Amino acid sequence: MSYRENERKKAIKIREELFRDPGNGIFFNKNRDFVLQDPALNLWAGIREDAIHYFEKNKISWWMGQDKNEPTGHLLSSQIACVNHLFFIRQRKDIASAILNRISNKIKEAVIVDDGFVEFEVIGKNNYLNEKKHTRGANCTSVDAVMVGKKENGSNVLILIEWKYTEEYRGENKYIPQRYNVYDKLMGDIESPITTGDFEALYYEPFYQLMRQTLLGWMMVKAKEYQCDEYLHLHIIPKQNIELRNRVTSPKLSGENMSEAWKSVLKEPERYLVISPDEFLSPVATCRDTRSILSYLQERYWK
């Protein structure tokens, strides 16, 4: 049984106890048992109202929400998983700093990015990739979340966070003119963070997304966004999702797993890190007033 199917069954099993919702909400015009009737309940109660307000205030689209101002009721949404794991950190410098210090012991403390320590659905201040649209949460290159860490020497590091949950990908080639006319020129730049000359190899998910996010991080740092001099690219993937972690979908890339294959085309492979959600948040256990959120995440995602 795949990880996705396991998580779907688990979500249905804990649905009424954890969410107090009977399920059978609508998704793609059908009633489904893994979709909540009240989509707001998909967010942890401690962040629910603030998160919905944040997305509305910043004009960010929710993935597959029935209404543009409400989250999806789909229990396996990675966007929902990202918000549930990270939104509570926005007003907690102690937690944000502890997490970033674990990622790199060169990072001394977290830095405010918008009005908190985590910013969601980030696309950069300008349309650096020259895409047709530049809107948060839809139709252009974005990262699920961004944090910024200050190093001991005073310089800032941009932390790009891409959150995955039950995603898995097939070997579909997306190398078409509408795409390669946009990204190949950037990849071919002498300063590009990507080394391969076979650009078509990168037009298979998840490498296609990783490629675009890497270009975005490079350009954001080049523009000195958040006063950052460098970036780190984090791929948050559950350990059990081996369908994503272990599969190399591009026939032109080599490596024993997705991470190795992606690092093989980077000038600085140390800037890319795959880590599980529970490992990423492991420093939270030593911080005050976190028992409730950790209990929720454990019950819903980490068991």
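Just so you know, all these numbers are worked out from the coordinates, no wet-lab data involved. All of these numbers come straight from a predicted model, not from anything done at the bench. Because the Cβ atoms are built from the backbone with ideal geometry, glycine has one as well, and the counts that use them run over all protein chains shown.
So which residues in region 271-287 are of a type outside the set (Val, Ile, Thr) and either outside any strand (DSSP E or B) or more than 16 Å from residue 232 (Cβ to Cβ) (or both), if there are any at all?
271, 276, 277, 278, 279, 280, 281, 282, 283, 285, 287
Tell me yes or no: at least one residue of region 196-215 is closer than 23 Å to residue 11 by Cβ and under 19 Å from the mean Cα position of the chain (by Cα).
The answer is yes; a qualifying residue exists.
Taking region 75-93 only, how many residues are of a type outside the set (Lys, Arg) and surrounded by fewer than 17 Cβ atoms within 10 Å (Cβ to Cβ)?
So the answer is 1.
Just name the residue that is nearest to the chain's Cα centre (by Cα) out of those in region 249-266 that are in a loop (DSSP other than H, G, I, E, B) and surrounded by fewer than 19 Cβ atoms within 10 Å (Cβ to Cβ).
Applying the filter and picking the extreme gives 257.
Quick check: anything in region 239-248 farther than 21 Å from residue 93 by Cβ, outside any strand (DSSP E or B), without any contact (Cβ under 8 Å) to a residue 60 or more places away in the chain and in contact with a Gly (Cβ under 8 Å, 6 or more places away or on another chain)?
yes
Any idea which of 60, 80 is closer than 19 Å to residue 162 by Cβ, of a type in the set (A, V, I, L, M) and part of a loop (DSSP other than H, G, I, E, B)?
60
How many residues does region 110-125 contain that are more than 15 Å from residue 143 (Cβ to Cβ) and in a loop (DSSP other than H, G, I, E, B)?
4
Please specify each residue of region 181-192 satisfying the condition of being farther than 11 Å from residue 212 by Cα and either crowded, with 19+ Cβ neighbours inside 10 Å or not aliphatic (A, V, I, L, M) (or both). It would help to see each step written out before you state the result.
Going residue by residue through region 181-192, those that are farther than 11 Å from residue 212 by Cα are 181, 185, 188-192.
Hits for region 181-192 are 181, 185, 188, 189, 191, 192.
Taking the condition of being under 20 Å from residue 47 (Cβ atoms) and surrounded by fewer than 20 Cβ atoms within 10 Å (Cβ to Cβ), how many residues in region 94-115 meet it?
4
For region 273-288, state whether one or more residues are loosely packed, with under 14 Cβ neighbours inside 10 Å, hydrophobic (A, V, I, L, M, F, W, C) and more than 30 Å from residue 170 (Cβ to Cβ).
Yes.
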